[in-house]
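Take a look at the structure below.
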Amino acid sequence: MRIERLSVREIELPLRAPFVTALGPVTNRRLLLVELEDGDGTAAWGECVAGVVPGYTSETVDTAWATITDQLAPEVVGLDSEDPSGAIAAMDDIAAGQPMARAAVEMACWDLAARRARLPLAQLLGGTRTEVAAGIALGMAETPEETAAAAAGAVRQGYQRVKLKIEPGADLEVVRAVRGTVGDRIALTVDANCSYTRNDFDLLAALDEFRLQMIEQPLPADDWEGHADLQRRLTTPVCLDESIATVTDLDRMIALQAGRVLNLKPGRVGGFTAALTMIDLAVGNGIDVWVGGMLETGVGRAHNVALASLASIELPGDLSPSDRYWEEDIVDPPWTMVRGTLPVPLTEPGIGVDVDLERIRSLTTRVQEVRSAH
Ligand SMILES: [Mg+2]
């Protein structure tokens, strides 16, 4: 098998409504899509989860563009190997520190492998679920009441878990309003996106009374001891997200007992190979895992749903249908929610949804194609 072509495109997809987190609002999602084509004309897709500005991590759309075009494409295009795992291995020693760029190409390789093996991607990854539990992440609103109303709406739609974005000054009252509105039975979590410090432990401990399923990434990504101290103080499980970029990070989380839950985003950790290793390691050490989201299009959603179909992923993920974020997605069919779940596509090889090339072309702001020389 030979990879004949790698295309990387930047598209700009308008969100239905701005999504506000502790990092600020996003109104238009700029993101990169990677398309691979082999010698038989089979095409496969990956999506890069990096944002426009550094903040979530240091990677951005622009750093990922450079990494993919300058470092990864020359390594992968023209490569002859038994199957796409050869291309994945070829990327091992490059793009260190650029896991989001690498993941976009790595996950396209997995899609290609699945298509070549005539298997749904979920099955190639070892997934056995036919549907995955859908959770929603609510951005910050102007008032606690507004967030509570949005949470109530999400519960009515059938979401199995509601996650609230919080930051200092917009926390206890928001959670109180939401819990008071949706009641005790709905699973509720909060995500601080690193916005608290060690001075905030009393406030964070006050969240215990709301019986949250977890509190996600309260402290800066590199504050391992802080998270460990905080976890000892809280009955609510601490979940790490931004802290975990590599398997080594997860090792450290386990050794320090810096949390009890892992928000795993294959697009953040370098792709599926690392994600699968992390799932085994986490579950083997009593850490619950769920699959997060990064304002993906339907392509990234397909990768995340495939991973969430593993039996060892027991908590609902940030996996919502296409119309949660997009007026019109770039895949056909769009992702829909059925009784609080997203059905895992199991009838087609690969990611299981068709990519709408015409729509992608209309959204493309730049494209670079690398073809193999013959
Ligand atoms: Mg998060």
Checked the stretch 180-230 for anything surrounded by fewer than 18 Cβ atoms within 10 Å (Cβ to Cβ) and either under 22 Å from the mean Cα position of the chain (by Cα) or assigned to a strand (DSSP E or B) (or both); matches are 220, 222
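Among 166, 136, which is the only one that is closer than 12 Å to residue 187 by Cα, among the β-branched types (Val, Ile, Thr) and within 19 Å of the chain's Cα centre (by Cα)? Steps first, answer last, please.
Values: 166 fails: closer than 12 Å to residue 187 by Cα.
Residue meeting the stated conditions: 136.
Got a sec? Which of 87, 73, 95 is free of Cβ contacts under 8 Å to residues at least 60 places away in the same chain, within 25 Å of residue 112 (Cα to Cα) and not assigned by TED's automatic domain parsing to the domain that holds residue 245? Can you show your working first?
Values: 87 fails: free of Cβ contacts under 8 Å to residues at least 60 places away in the same chain; 73 fails: free of Cβ contacts under 8 Å to residues at least 60 places away in the same chain.
Being free of Cβ contacts under 8 Å to residues at least 60 places away in the same chain, within 25 Å of residue 112 (Cα to Cα) and not assigned by TED's automatic domain parsing to the domain that holds residue 245 holds for just one of 87, 73, 95, which is 95.
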Quick one: residue 362 ticks every box in (1) buried (at least 21 other Cβ atoms within 10 Å of the Cβ); (2) farther than 20 Å from residue 108 by Cβ bar one, so which box is it?
(1)
Determine, yes or no, whether residue 141 is of a type in the set (A, V, I, L, M, F, W, C) and not in a loop (DSSP other than H, G, I, E, B).
no
Residues to consider are 191, 241, 249; find the one that is outside the structural domain of residue 49 (by TED's automatic domain parsing), without any contact (Cβ under 8 Å) to a residue 24 or more places away in the chain and within 16 Å of the ligand (Cβ to nearest atom).
249
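Is one or more of the residues making up the stretch 5-19 under 23 Å from residue 220 (Cα atoms) and either part of a strand (DSSP E or B) or not assigned by TED's automatic domain parsing to the domain that holds residue 196 (or both)?
Filtering the stretch 5-19 down to residues under 23 Å from residue 220 (Cα atoms) leaves 19.
Subset that is either part of a strand (DSSP E or B) or not assigned by TED's automatic domain parsing to the domain that holds residue 196 (or both): 19.
Checked the stretch 5-19: at least one residue is under 23 Å from residue 220 (Cα atoms) and either part of a strand (DSSP E or B) or not assigned by TED's automatic domain parsing to the domain that holds residue 196 (or both).
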Residues that are touching a residue at least 24 places away in the same chain (Cβ under 8 Å) and part of a strand (DSSP E or B), drawn from the stretch 44-64:
44, 45, 46, 47, 48, 51
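The values are calculated or read from the model by the stated rules, or taken from the named source; none is laboratory data. On a predicted model such as this, the values are computed, not experimentally measured, just so you know. Positions of Cβ are backbone-derived with ideal geometry, glycine not excepted, and every protein chain shown enters the neighbour counts.
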